[in-house]
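Bear in mind that the values in this text are calculations on the coordinates, not laboratory data. Here the structure is a predicted model, which means the values were calculated and not measured. Quick reminder, even Gly has a Cβ in these numbers, built from the backbone with ideal geometry, and neighbours come from all protein chains shown.
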Amino acid sequence: MKLYDKKRISIIVEKACRDKIIKLLEKSGASGFTVYKDIYGKGKSGMRGDYSSINEISGNLEIISITSPEVAERILQGLSDIIEKGFIITVHVMDVKVIRDDHFA
C-alpha cells in the first residue's frame, strides 16, 4: 500500500479566536480541518481552558488540519503573525502518512 507524506498541524487556541484560525486555514489552502471543543490543561501559564466555562466564547479548543508541506508552511507563517500580535496559541506540527493523498491538500 502506498502512503503519502503530509503535515498534521494542531492549534490550541481560545474559542474567541476560532473563526480567525479557520479563515487562515482556508486562505492558506487547507482542504479541511477538525475542531475539538473543551480543551483544557496546565502548563507554563498555569491552568487554562474550559474546565469552568459556561458559554461558547471562553475556554479553549483544538483545531487540527492535515495538509501538504507547502500549505503547512503558509499556515505556520500566518500563525506566527497572529502570535506576534499577542494571541496565545499552542501549535504542534507532526509528520504523518496518509492513505488518500487527494483528501489532504
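Side notes on the structure shown:
- Helix-only mean residue ellipticity at 222 nm for the chain, each DSSP H run of n ≥ 4 adding -39500 (n - 2.57), per residue, nearest 500: -8000 deg cm²/dmol
- Whole-Hz Karplus values for the range 96-104 come out as 9, 10, 10, 7, 10, 4, 6, 8, 10 Hz, taken residue by residue from phi with 6.51 cos²θ - 1.76 cosθ + 1.60 and θ = phi - 60°; glycine and proline positions read x.
- Angle between the chain longest axis and helix 69-84 axis [Cα atoms, degrees, rounded to 10]: 20 degrees
- Shape of the chain, Cα gyration tensor, a/c cut at 1.5: prolate
- Candidate lysines for bridging to K23, where Cα separation is under 16 Å - those fewer than 8 sequence places away on the same chain excluded: K15
- If the chain linking S10 and S31 were pulled fully straight, counting 0.36 nm for each residue of separation and taking away their Cα-Cα distance, it would gain 6.1 nm.
- The chain, dipole about Cα centre (Lys/Arg Cβ +1, Asp/Glu Cβ -1), debye to the nearest 20: 140 debye
- With the simple model of a label 7 Å out from the Cα in the direction of the Cβ, D19 to I64 spans 2.6 nm.
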